[in-house]
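First the structure, in the form of C-alpha cells, and then the observations on it.
The values are calculated or read from the model by the stated rules, or taken from the named source; none is laboratory data. All values derive from a computational prediction rather than experimental measurement. All Cβ positions, glycine included, derive from the backbone under ideal geometry; neighbour counts span all protein chains shown.
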Amino acid sequence: MLFDNKHGKIMELNEKFCVLCTSLPSEDKAREMARAIIASKLAFCCWIRPSHSAIYHWEGAIQEESEVELMCKTFMDKTEALHDYVKSNHPYEVPYIGEFEGSLSNAEYVRWAKGNT
C-alpha cells in the first residue's frame, strides 16, 4: 500500500516496467540511440553507463573492446517495439539486448513516465 500525496488516498501500485539494456561502441552512439528512443516515446528514460571492457569470442578469436551500456526504462506495452528499434538500428551485427522486468512504486513517477511514453 502507498499513500498518494497528490490525491490524499491509500492506493495499490504495482506498475510493471522493463529496463532494456544494450552495449554500444561509444558514448556518442549510445547518446544518439537514446535521443532517438526518447523522441519516439519508446522509453521514458535512458541511462548511459560509463565505458567498460568487454571480452568475448568473435569469429574464432578472443576480442577485447571498450563499450558503453545503454539502459532504457519503458512500460511493458512498449517493450517489443523498443526491442525491435534497438535491434534494427544497432551498429553491431549481433547486439546484446537484455530485458529486466520490475515494478514502479512511486505514483508521481508513474504519472510522469506515462506522460512521456
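From the set of residues in region 100-117 that are surrounded by 15 or more Cβ atoms within 10 Å (Cβ to Cβ) and within 22 Å of A30 (Cα to Cα), which is modelled with the lowest pLDDT?
Here the residue is T117.
Going through I55, I97 one at a time, which residue ends up being within 14 Å of the chain's Cα centre (by Cα) and surrounded by fewer than 18 Cβ atoms within 10 Å (Cβ to Cβ)?
Numbers: I55 fails: within 14 Å of the chain's Cα centre (by Cα).
Residue meeting the stated conditions: I97.
For region 26-46, name all the residues that are touching a Phe, Trp or Tyr at 6+ places or on another chain (Cβ under 9 Å) and surrounded by fewer than 15 Cβ atoms within 10 Å (Cβ to Cβ).
If the condition is that a residue be touching a Phe, Trp or Tyr at 6+ places or on another chain (Cβ under 9 Å) and surrounded by fewer than 15 Cβ atoms within 10 Å (Cβ to Cβ), then A36, S40 are the ones that fit.
Just the residues that are in contact with a Ser or Thr (Cβ under 9 Å, 6 or more places away or on another chain) and farther than 17 Å from I97 by Cβ, please, taken from region 33-42. Show your work before the answer.
Pass one, region 33-42, residues in contact with a Ser or Thr (Cβ under 9 Å, 6 or more places away or on another chain): 33, 37, 41-42.
Across region 33-42, the qualifying residue is only K41.
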